[in-house]
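See structure below.
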Amino acid sequence: MDEFTTPERTALAETVREFTQRHITAELPQWEAEGRIPVKLHRLAGEAGLAGLSYPEAVGGSGGDLVDTTIMIEEMLGAGASGGLIAGLFTQGIATPHVIDEAQRRRDRGETQAADYLEDNYIRPVMAGDMIASLGVTEPDGGSDVSGLRTRAQSDPEDPDTLIVNGAKTFITSAIRADYVTTAVRTGGPGAAGVSLLVIPTAAPGFTVARELDKMGWRCSDTAELAFVDVRVPRLNLLGAEQGFASLARHFAVERLTLAVTGYATAQRCLDLTIEYARNRETFGKPLISRQVIRHDLVEMHRQIDVARTYTRDVVLAHARGEEVMTRALIAKQTAVDTCSYVVDRAVQIHGGAGYMKDSEVERHYRDSRILGIGGGANEVMTDLASKLLGY
Amino acid sequence: MKIAVCVKQVPDTWAEKKLSDSDKTLDRESVDGVMNELDEYAVEEALLIKEANDGEVVAVSMGPDKAEETVRKALQMGADSGIHIVDDSLAGSDSVATAKTLAATLKDQGYDLIIFGSESTDARMSVVPAMVAELLDLPQLTFASKVSVDGDAVTIQRQADYGYDEVQASTPAVISVVEKINEPRYPSFKGIMAAKKKPLESVAAPSGEPVGLASARTEILEFAERPPKAAGVKIEDDGTGGVKVADFLAEQKLI
């Protein structure tokens, strides 16, 4: 028994598998076609304690940690879910930690009412699956450059308790369905130091989904371009003045690690499907798996997955122990992304023509996984950051 | 309302099952144990009755050390407490000894309902619920596809070939449920964590009754491995394929 196979985590794995088989796999093709995950799935995830799995019980979460999240992602993918499904169902993973942190800072300062305001309106409903949260950072001409963002929030000269937001965001996951977008806005001067995070309710006048974006993969997960025109937001929704970049950076490690888990778990699912296919598919009178070239391919896929999983899980455990894992998270993401790219390609290749067909699961993973080296920090940005952290 | 739900740990349905050479009983150590699937329906029914009527649900299991996992699973699903009857002397017990042990443990504890799954996927005898009812001198409402409780009256729909019979009794009573009576819940993460703190008592076999392999009234004289799958029969369809398939199935006594 290790940290990943305690009786409770074994039970969690079973629950996640059951949840996925009961509520997701049969309907996923339809959601892929519709470009949406139904709101009811968020409620079911809330009831199962998965929507708030790794958040404190004090704010309505389940009290687990990143090890539990890792098990959840592994099992969901293993049972036939997809990276897009996970991105769309658990967008709060990148949107809500900033709100939880600010609520805690307010509590530490004795501002109980202001803390309760965030907790009651923007945290507990998300943990229960009654509300969908989203994170808006990237801008139409910005990409990975957070420090250059131009969406601005300014005080209303006539009402100091209100901020007025103008600007645009793009590639925003779950924003079409979201109830709020934790938005990176400029409240101060130029550069990273002038950036704050602001909770913008999507029902606020002036907030519009400018465009629904059509994607190569992650098709069940909705993605939007957003426009903000004189959107009035209570100042209470500001998650610390000019603390935005620090807050984003603090949570990058977790985002990268969950993407790393998505990478190797997707690869594992593709390997499982490919082994089954190679056993059942006969060519020239013999099962495909009887060919040495195929068996060696499968071993190479297995080798890369095992290494990526072992390294990533090790970093996850270090994070759960409270260690600083910034550099290791970068390495885990790169390793798992490379593994996933390699494995999905080989999976489609071994499936042959069948793997190129829309109704084969590996075809979907092939398209879905392309985002992993772009989102949550592009490969090139990761490498550059690693070189700085390592002092090269 | 105080409800006991009896759960059994059985080998994983998909696992290769083996009898041990020494005593010709099921080798439970070498395979993963899971809660008997029909018992999941029993737990769900107990929880539904509790939720509608208030009260408590006690999960009871008889089995070796690792059967505790199955009691724990019932607690994760929502049962309030658990009793694990674990005793070396119980190894190899037949259905009569099992029923006597369960009855002695459940007797005089104030249970209004004692709920079972209608059979286990390993032994498939389907007799323990009826035996326990007989030993405790309680009415038996077996093979229920629907249960409704109204005060101290319990009504079930008893599954039958021709449809169902409606059977009623007053509490206390013994119920066994069939598949599809409900959709068993999976434990929520909170349920999983809460189960760690719920009382789970290990008790020894009640004394006085002969139990275990030596007292079993049935005995396995010999057993053999299932023969490897033989080549099938190929039927060429020359227009009479359907008839030939039907003849084959009739020959195998399948239709």
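Quick check on the range A:222-240. Is at least one of its residues within 25 Å of A:Ala33 (Cα to Cα) and part of a loop (DSSP other than H, G, I, E, B)? Can you show your working first?
The first filter runs over the range A:222-240 and keeps only residues within 25 Å of A:Ala33 (Cα to Cα), leaving A:222-226.
From what's left, part of a loop (DSSP other than H, G, I, E, B): A:222.
Within the range A:222-240, one or more residues are within 25 Å of A:Ala33 (Cα to Cα) and part of a loop (DSSP other than H, G, I, E, B).
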**Fill in**
When the range A:208-253 is checked residue by residue, the ones that are over 27 Å from A:Gly373 (Cβ atoms) and modelled with pLDDT under 95 are A:Gly240, A:Ala241, A:Glu242, A:Gln243
**Message:** What are the pairs with Cβ atoms under 8 angstrom where one residue, in the range A:108-122, is farther than 15 Å from A:Leu198 by Cβ and the other, located anywhere, is open to solvent by less than 20 Å² (accessible area, probe 1.4 Å) and of a type in the set (Lys, Arg)? Sequence gap at least six, or different chains.
**Reply:** A:Thr112/A:Arg106; A:Ala115/A:Arg106
**Prompt:** In this structure, does A:Lys358 turn out to be in a helix (DSSP H, G or I), open to solvent by 10 Å² or more (accessible area, probe 1.4 Å) and free of Cβ contacts under 8 Å to residues at least 40 places away in the same chain?
**Reply:** no
**Asked** Considering only strands (runs of 3 or more DSSP E) fully contained in the range B:1-42, which possess at least 2 residues that are of a type in the set (Val, Ile, Thr)?
**Response** B:2-6
**Asked** Is it the case that the range B:76-96 has a residue that's in a helix (DSSP H, G or I), within 14 Å of chain A (Cβ to nearest Cβ) and of a type outside the set (Ser, Thr, Tyr)?
**Response** yes
**Request:** Output the number of the condition that B:Val167 fails; it satisfies all remaining conditions of (1) assigned to a strand (DSSP E or B); (2) within 14 Å of chain A (Cβ to nearest Cβ).
**Result:** (2)
**Count - residues of the range A:16-51 that are out of contact with any Leu (no Cβ under 8 Å at 6 or more places or on another chain) and within 9 Å of chain B (Cβ to nearest Cβ)** = 7
**Request:** Considering each residue of the range B:39-72, count those that are out of contact with any Lys or Arg (no Cβ under 6 Å at 6 or more places or on another chain), free of Cβ contacts under 8 Å to residues at least 60 places away in the same chain and β-branched (Val, Ile, Thr), and give that number.
**Result:** 2
**Asked** In the range B:190-235, what count of residues is obtained for those that are within 14 Å of chain A (Cβ to nearest Cβ), crowded, with 16+ Cβ neighbours inside 10 Å and not basic (Lys, Arg)?
**Response** 5
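Residue under question is A:Ile73, and the condition is that it be farther than 21 Å from A:Val199 by Cβ, open to solvent by less than 10 Å² (accessible area, probe 1.4 Å), away from chain B (no Cβ under 12 Å) and among the hydrophobic types (A, V, I, L, M, F, W, C); does it hold? Before the answer, list the steps.
Working: farther than 21 Å from A:Val199 by Cβ: yes; open to solvent by less than 10 Å² (accessible area, probe 1.4 Å): yes; away from chain B (no Cβ under 12 Å): yes; among the hydrophobic types (A, V, I, L, M, F, W, C): yes.
Answer is yes for this residue.
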**Item:** Unmet requirement for A:Thr283, which otherwise passes all of (1) within 18 Å of the chain's Cα centre (by Cα); (2) among the polar types (S, T, N, Q); (3) farther than 16 Å from A:Ile73 by Cα
**Value:** (1)
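The values are calculated or read from the model by the stated rules, or taken from the named source; none is laboratory data. All figures in this text were calculated on a predicted structure; none of them were measured in a lab. Glycine also receives a Cβ, built like all others from the backbone with ideal geometry; neighbour counts cover every protein chain displayed. Note: accessible area is taken over every heavy atom of the protein model, side chains too, but ligands, DNA and RNA are not part of it. Shrake-Rupley method; radii C 1.70, N 1.55, O 1.52, S 1.80 Å.
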